[in-house]
1. Where a Cα-Cα gap under 25 Å defines reach, which lysines qualify for Lys272, not counting those fewer than 8 residues away within the same chain?
2. To make sure I understand, if each residue's beta carbon is the centre and we count other beta carbons within 10 Å, what order do Glu163, Glu110, Glu240 fall in, fewest to most?
3. Check the straight Cα-Cα distances from Lys157 and name the lysines below 16 Å, setting aside those fewer than 8 residues away within the same chain.
4. Once the piece of chain linking Ser251 and Asp79 is laid out straight, how much longer is it, given 0.36 nm per residue of separation minus the C-alpha distance between them?
5. Given a Förster radius of 30 Å and the C-beta distance between Ala167 and Tyr203 as r, what FRET efficiency does 1/(1 + (r/R0)^6) yield to the nearest 0.05?
6. Cut-off is 10 Å between beta-carbons; in what order do Thr221, Thr241 appear when sorted fewest neighbours first?
7. May I ask you to sort Tyr144, Tyr226 by Cβ crowding, counting other Cβ atoms within 10 Å and putting the fewest first?
8. If amide H atoms are built 1.01 Å from N in the plane of the peptide, which residues on other chains or at least 5 residues away come under 5 Å of the amide H of Arg30?
Amino acid sequence: MTDHQPPASVESNALSSQHSQHSPRDPSARHCGLVAVVGAPNAGKSTLVNALVGQKVAIVSPKAQTTRTRLMGVAIEGDTQLLLVDTPGIFEPNRRFDRAMVAAAWGGTEGADVIALVVDGKGGLGPKVTEIVEALKGRSEPIYLVLNKVDLADKPKLLLHAERLNALLPFAETFFISAQTGDGVGHFKQVLARALPQGPWHYPEDQVSDASERALAAEVTREQLYLQLHAELPYASVIETEKFVDREDGSAEIHQQIMVERASQRAIVLGKGGARIKEIGARARAELAVLLDRPVHLYLHVKVKPGWDEDRGIYRDLGLDWVE
């Protein structure tokens, strides 16, 4: 590595090490493999997965730990289908729900052909990042370091971050990208595709996610809850899709329950005269109509359920394992 700062455009700027090796490929064969995208909360993992897929498959918000469960985006690059596992942010868990999210994150790396560690390039190297790097030591898969948010980062510090992290763990390659603007994403996708093994595609060419429409509907509503309420409602909420019906006219009828822990939180979600819940519903309905490519009738109601995060059924519905 050099002391030069990354250029303004990093499309071709990948720092390669002697550990990067690609086996010869049969140009007439298809390739397919699993890419585990891991990192600390708010590193931009979901934004990166969306950028690689080319459309939205994972919800994003400024709040840390927005992603709660393992979700897979499906992207195509030439003859390769990339199965991108978007995982929850890895952090020090305090309660059972936190432990389940962290377990889901590490579980998302099982069977991976490649691991991509996404680091917030503007946030520096805190203990959360170094702990993840330590935990990745000894893995046999190629591990790529992705320094994200280069459009916002202090450019002179980016190479320093890369050097320090590579001193802890010699990464196969290091990339400087902005998942938000797309800078560097195309080159990173090409490198990922070249690293994946020969094999049949697992999903139809037009499928972009393994999430069901029912699960997608709950995620879109949860995203609006986060975006509109910000710090007013932390993580004491969960969305349950109670009913998803295909109407004869081709539209979707969706009934969802927003569960919170306290009556005061219910009042926040409802807003004055029900204004907030109406706005949440309107925005979620508009986005779902685009994602599902059909009209959507969305009905929301809010329920107070103290201790919902100790309900095994909710863990099952979210795709999380019950952990002690």
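Coordinate-derived values only; no laboratory data. Predicted, not measured: the structure shown is a model, and the values here were computed from it. As a convention, Cβ positions derive from the backbone with ideal geometry for all residues, glycine included, and neighbour counts pool all protein chains shown.
1. Lys63, Lys303, Lys305
2. Values: Glu163 14, Glu110 10, Glu240 17.
Ranked by crowding around the Cβ, least crowded first: Glu110, Glu163, Glu240.
3. Lys122, Lys149
4. Values: separation 172, 0.36 × 172 = 61.92 nm, distance 3.49 nm.
Computed gain between Ser251 and Asp79 is 58.4 nm.
5. Details: r = 38 Å, r/R0 = 1.28.
E(calc), rounded to 0.05, equals 0.20.
6. Numbers: Thr221 24, Thr241 19.
Result, fewest neighbours first: Thr241, Thr221.
7. Details: Tyr144 23, Tyr226 19.
Fewest to most other Cβ atoms nearby, the residues stand as Tyr226, Tyr144.
8. Under 5 Å from the amide H of Arg30 lie the amide H atoms of Gly199, each far enough along the sequence or on another chain.
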